[in-house]
């Protein structure tokens, strides 16, 4: 089975498992797990921030970041297709008592004027705009990369209005690998970032929240409240550290395979995809009303390819280092053949 549903389907390889099995551990709730401490220091340095905190998931990382930079009744600006809005179960309202103001964009970069117009004036009738959240790379916009210039412009706008800026950087590593721009350069403008290790990097568990020492001290308490404090977490943190040090450089291959897949699909008259629009490892393609998305999914699965329905007449495929170029070519052929058969 060639599983293209998500890059979260990576499996720790033998070398990673060996590192995890032998990791030195302690009680991280007491701050005494040397491997967790080492991971946090490494990630903070990599992103050019003062401190980092290991958390079980990217969703928790985002929710902690929102919680430590807002007050009950505040408003948070996010892009309409953002993971924070689409896939985190209403967490901002439930956990932090804030509302989300969603703004549309073409590829994840909300027009600057639209953000500016959405910042609330100081008025007792309106919520306070406390935080702007960006997503890089942007999942629902086919892994699109936010440009450094755009991030700088949003950062300047946020500072002008005294608003904090957060990055959902679950796949920030993919952006850095493709562009050659360092994670630290991408991180400069943000007060907090959440970065994930269990997507394309291939670790089994975990993310980090990074920011100033003051914010991460607040994040530590917030993690405890949310039940994210773990004991001998060095066993899994070592997998994350190994992934960062050993798998970052192979992310470019995932991008190359995604482009190859898109190029092959574009040969089909029944599939709508622009290979030039593939920024990183996510491919989103479309089809006409003539086809039923669920039927396409079922036929592909029966033929040995797992993809995921991703909206009306829309399908997503995601590439990672355990999907080879041979797998990529084979999968594209199967998808094209199924569309041709059902036409």
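The values are calculated or read from the model by the stated rules, or taken from the named source; none is laboratory data. Treat the numbers as computed from the prediction; the structure is a model and nothing was measured. Heads up, the Cβs are rebuilt from the backbone with ideal geometry, glycines too, and the neighbour counts pull from every protein chain shown.
For (1) within 30 Å of residue 36 (Cα to Cα); (2) modelled with pLDDT of 95 or more, each residue gets a yes or a no:
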{"position": "231", "(1), (2)": "yes, yes"}
{"position": "240", "(1), (2)": "yes, yes"}
{"position": "265", "(1), (2)": "no, yes"}
{"position": "278", "(1), (2)": "no, yes"}
{"position": "303", "(1), (2)": "no, yes"}
{"position": "318", "(1), (2)": "yes, yes"}
{"position": "329", "(1), (2)": "no, yes"}
{"position": "333", "(1), (2)": "no, yes"}
{"position": "342", "(1), (2)": "no, no"}
Based on what the data block shows, is residue 169 at pLDDT 95 or above and on the phi > 0 side of the Ramachandran plot? no
Determine which member of the set 57, 65 is within 21 Å of residue 185 (Cα to Cα) and within 15 Å of the chain's Cα centre (by Cα). 65
Criterion (at positive phi, out of contact with any helix residue (DSSP H, G or I) (no Cβ under 6 Å at 6 or more places or on another chain) and either crowded, with 20+ Cβ neighbours inside 10 Å or not assigned by TED's automatic domain parsing to the domain that holds residue 258 (or both)) met by exactly one of 156, 142, 175, 187: 142
Checked against (1) over 23 Å from residue 236 (Cα atoms); (2) touching a helix residue (DSSP H, G or I) at 6+ places or on another chain (Cβ under 8 Å); (3) in the same structural domain as residue 191 (by TED's automatic domain parsing), residue 51 satisfies every condition except (1)
Does residue 167 qualify as being closer than 24 Å to residue 111 by Cα, in the same structural domain as residue 56 (by TED's automatic domain parsing) and touching a strand residue (DSSP E or B) at 6+ places or on another chain (Cβ under 7 Å)? yes
Name the residues in the range 304-329 that are more than 20 Å from residue 284 (Cβ to Cβ) and either in the same structural domain as residue 198 (by TED's automatic domain parsing) or surrounded by fewer than 18 Cβ atoms within 10 Å (Cβ to Cβ) (or both), would you? 304, 322, 324, 325, 326
Tell me the helices (runs of 4 or more DSSP H) entirely within the range 144-263 that contain at least 3 residues that are in contact (Cβ under 8 Å) with a residue 60 or more places away in the chain. 172-179, 183-187, 213-225, 234-246
